[in-house]
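Visitor: The structure follows.
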Amino acid sequence: MNCGNMAEAMQEIIYEKNFEIEDSYWWFIAKFKIMDSLIRKYVPSGRTILDVGCGTGGFAAMMKKNYEMICLDTSRTALEFCRKRGLDRQFNGLLGEFDYKSTTVDAVTMLDVVEHIEDDEGALRDAFRLLPDGGVAFITVPAYQWLWSFHDVIHMHYRRYSRRS
């Protein structure tokens, strides 16, 4: 098995596992509740949120009660899991390919996504280009390079971040 196939197989396993546990594992529950409270503070109900790197859609499924959610991911497997959650508004591709001229978004979420992107600064520029005046981006990343572990390797991270970075 070449490295590309091995990485794809690993991704499939991770997506399957995340889909199984996103509704019950404490880490996802706590993170989603924190993000929900932050988003409600800054984005009025009924607005459109682009969930970049949506994964299996656990967060978007929770948020769709109050917001119009668009799921963006480069993985067709991830988007299939989103469909199982009833998330049908999807874009399969890179953030820079998203048609921001015909689709207005009021907020962008990138929850533990940026560390997966080699050109992280370019991805952030793409995210902010989508937002109208007054639009909001919510971004979370793993902290501290000194905490790098096998978890980062199997999740195909490029880096961890400090407050400065």
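The values are calculated or read from the model by the stated rules, or taken from the named source; none is laboratory data. Keep in mind it's a predicted model, so treat the numbers as computed, not measured. Glycine gets a Cβ as well: all are built from the backbone with ideal geometry, and neighbour counts include every protein chain shown. Heads up: the accessible areas ignore ligands, DNA and RNA and are worked out on the full protein's heavy atoms, side chains in. Shrake-Rupley method; radii C 1.70, N 1.55, O 1.52, S 1.80 Å.
Visitor: Of F19, Q90, A143, which is farthest towards the positive pole of the chain's charge dipole, taken about the Cα centre with +1 and -1 on the beta-carbons of Lys, Arg and Asp, Glu respectively?
Guide: A143
Visitor: What list of ³J(HN,Hα) values in whole Hz, one per residue of the stretch 135-151 in order, does the Karplus curve 6.51 cos²θ - 1.76 cosθ + 1.60 (θ = phi - 60°) give from phi, with Gly and Pro shown as x?
Guide: Result, rounded to whole Hz: x, 10, 10, 10, 10, 10, 9, x, 9, 6, 4, 5, 8, 3, 8, 4, 3.
Visitor: Same structure, new question: Return one whole number: the accessible area per residue of the chain in Å², for a 1.4 Å probe.
Guide: Working: 9740 Å² over 165 residues.
Spelled out: the 1.4 Å probe surface of the chain, per residue, equals 59 Å².
Visitor: For the chain, report the % of Cα-Cα distances exceeding 20 Å.
Guide: Looking at the chain, the distances longer than 20 Å represent 52 percent of pairs.
Visitor: Applying 1/(1 + (r/R0)^6) with R0 = 22 Å to the Cβ-Cβ distance of E16 and T48, what FRET efficiency is obtained, to the nearest 0.05?
Guide: Step by step, r from the Cβ atoms, then E = 0.15.
Visitor: Which percent of the accessible area of the chain is formed by carbon and sulfur heavy atoms (probe 1.4 angstrom)? Can you show the working numbers first?
Guide: Details: 5230 of 9740 Å².
The nonpolar share, carbon plus sulfur, comes to 54 percent.
Visitor: Still on this structure, I have one more. Which of the chymotrypsin sites (Phe, Trp or Tyr not before Pro) found in the stretch 44-150 are in a DSSP loop and have at most 11 neighbouring Cβ atoms, other than their own, within 10 Å? The partial results should precede the final answer.
Guide: Values: sites: F59, Y67, F81, F91, F98, Y100, F128, F138, Y144, W146, W148, F150; in loops: Y67, F98, Y100, Y144, W148.
Answer in residue order: Y144.
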